[in-house]
1. Could you please find all residues in the stretch 98-112 being part of a helix (DSSP H, G or I) and more than 23 Å from V26 (Cβ to Cβ)?
2. Could you give every pair whose Cβ atoms fall below 9 Å, whose first residue belongs to the stretch 125-150 and is within 16 Å of P83 (Cα to Cα) and of a type in the set (G, A, S), and whose second residue is assigned to a loop (DSSP other than H, G, I, E, B) and at pLDDT below 90, counting only separations of at least 6 or pairs across chains?
3. Restricting attention to the stretch 15-66, which residues are among the polar types (S, T, N, Q) and either modelled with pLDDT under 90 or under 16 Å from V156 (Cβ atoms) (or both)?
4. Of all residues being farther than 14 Å from A86 by Cβ and of a type in the set (A, V, I, L, M, F, W, C) in the stretch 104-122, which is farthest from the chain's Cα centre (by Cα)? Just the residue, please.
5. Conditions: (1) within 17 Å of the chain's Cα centre (by Cα); (2) in contact (Cβ under 8 Å) with a residue 12 or more places away in the chain. F99 meets all but one. Number of the miss?
6. Restricting the search to the stretch 32-45, which residues are in contact (Cβ under 8 Å) with a residue 12 or more places away in the chain and closer than 16 Å to T169 by Cβ?
7. On the given criteria, is A184 touching a residue at least 24 places away in the same chain (Cβ under 8 Å) and of a type in the set (G, A, S)?
8. Does V159 meet the test of being out of contact with any Leu (no Cβ under 6 Å at 6 or more places or on another chain), surrounded by 14 or more Cβ atoms within 10 Å (Cβ to Cβ) and either assigned to a helix (DSSP H, G or I) or of a type in the set (S, T, N, Q) (or both)?
Amino acid sequence: MRTRVPADSLVGRVILSTRFQPGGVVALGLVASLLIPLCVLIGGPVILVTLPLIAITALADASYALLAARSTSLSRRVLVFEPLAARISEASWLLALWFLGAHGWEVAVTGALCWMYVLTRTRARQVGLRDLGMTTLGERSVREIVVALGLGAAGVIAVAGGGQYEQWTGGAITITVTAWMLLAALGLLQLVIVVSTALRND
């Protein structure tokens, strides 16, 4: 399993020195993501709280990858439910963006593209392509960055206030969802090309 944090780095050593289990960090990341739509519903400056929540989710992702790679007794339950927790997290982010004014069709298409990307990568690994040799624009870390930028912009606008609040927020969220959708589509295209090339002799 590829790890996002090198085990010999400072962050990697700190993560490995903790007593967290892979299942625990998955649950932590999921809970943090589920709180994001709630913060958006409360509105105002509370929207900025979504930024540390996304950071917690990203750190949980990195910790899971590292802990799972080093674990000698990784639970099959964790292996089954980790992808589900990741998809629920992303659904929570999309729900938050929808609450802030994103178009429903954009949210639905973006979610579908992410689902297709994950399914394609999973199937590729099942047929033996364990390491596809590239990082695409559809990676979860890219999604986290895009969502953080969008929610951060919405939070700053909420703090600033003003008569154009709704219009500015709508524009920022539209850009965020559109960027996520385009990156997801390009990432899926990259992945399909790589997988097709790897399997061209089949």
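1. Within the stretch 98-112, W98, F99, G104, W105, E106, V107, A108, V109, A112 meet the criteria.
2. Listed pairs, sorted by first residue: S141/R4; S141/T135.
3. S17, T18, Q21, T50, S63
4. By that ranking, first place goes to W105.
5. Among (1) within 17 Å of the chain's Cα centre (by Cα); (2) in contact (Cβ under 8 Å) with a residue 12 or more places away in the chain, F99 violates only (1).
6. Residues satisfying the conditions are I36, P37, C39, V40, L41, G43, G44, P45.
7. yes
8. no
The values are calculated or read from the model by the stated rules, or taken from the named source; none is laboratory data. On a predicted model such as this, the values are computed, not experimentally measured, just so you know. When we count neighbours, we look across all protein chains shown, and the Cβ atoms used for this are built from the backbone with ideal geometry, even at glycine.
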